[in-house]
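Worksheet for the structure shown next.
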Amino acid sequence: MKKEIVKTEMKVKDNLVGIMRVGDIDYISLTDLAKYENPKDPSGVIRNWMSNKESFAFYSLWEELNNNNFNSVESHRIKIDEVGFNCFTMIPNRWRKDFNSIGIIPSSGKIV
């Protein structure tokens, strides 16, 4: 059975932030939030956040707790071999593809 998708927006400090409900899980648009920091390049804000050592630890732990199919072996390897070095870069598409994540859904354009 296909899960119902409901899209809406909420106003935060005079800006609209997209919300998407898939089944009974709500997702908030990181792009819309990142526009507060850099309206011209929100993807850069997301990339920098996802490449931060502490952020990686947070969203990796979230996946381990909430996603039975999460590739935790690869996550631990990346944490040891790459995270914390200047050459480490994480983006939503890589996170989804390499780790089978569910907490961040890569999407082109607005979700609403």
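No value in this document is a laboratory result; all are computed from the given coordinates. Please read these numbers as outputs of a predicted model, since none were measured by experiment. Note that we place each Cβ from the backbone using ideal geometry, even for glycine, and neighbour counts take in every protein chain shown.
Per DSSP helix of 4 or more residues, -39500 (n - 2.57); summed, then divided by the residues of the chain. What does that give at 222 nm, rounded to the nearest 500?
The helix contribution divided over the chain gives -12000 deg cm²/dmol.
Rounded to the nearest 20 Debye, what is the dipole magnitude of the chain about its Cα centre when Lys and Arg each give +1 and Asp and Glu each give -1 at the C-beta?
Here the chain has a charge dipole of around 320 debye.
Which parts of the stretch 31-70 would a label at N93 reach, counting a residue when its backbone N lies under 15 Å from a point 7 Å out along Cα-to-Cβ?
Flagged as within label range: 43-44, 47.
Tell me the label-point distance for the pair L65, S107, using the 7 Å Cα-to-Cβ offset, in nm and rounded to one decimal.
Once both label points are built, they end up 2.4 nm from each other.
Could you tally up the Lys pairs in the chain with alpha carbons closer than 25 Å? Skip any pair fewer than 8 positions apart unless they're on separate chains.
Final tally of qualifying lysine pairs is 23.
What residues have an amide H closer than 5 Å to that of Y27, excluding those fewer than 5 places away on the same chain, when H is modeled at 1.01 Å from N in the peptide plane?
Under 5 Å from the amide H of Y27 lie the amide H atoms of M20, R21, V22, each far enough along the sequence or on another chain.
How long is the gain from R77 to Y36 if the chain were fully straight, where each residue apart is worth 0.36 nm and the alpha carbon distance is subtracted?
11.5 nm
Listed highest first by mean packing, meaning other Cβ atoms within 10 Å per residue, what order do 79-91, 31-43 come in?
31-43, 79-91
Which cross-chain or sequence-distant (5 or more) residues have an amide H under 5 Å from the amide H of E9, H modelled 1.01 Å from N in plane?
I19
By how many degrees, between 0 and 90 and to the nearest 10, does the Cα long axis of helix 53-66 differ from the longest principal axis of the chain?
Here the helix axis deviates by roughly 80 degrees.
Counting Lys and Arg as +1 and Asp and Glu as -1, what is the net charge of the other residues whose Cβ lies under 12 Å from the Cβ of F88?
Here the count lands on +2.
What Kirkwood hydrodynamic radius, in Å, does the chain give when the mean of 1/r is taken over all pairs of distinct Cα atoms and then inverted?
About 15.1 Å for the chain.
Nearest 10 degrees is fine. How inclined is helix 72-81 to the longest principal axis of the chain, computing both from alpha carbons?
Taking the Cα atoms of the chain, the angle to 72-81 is about 70 degrees.
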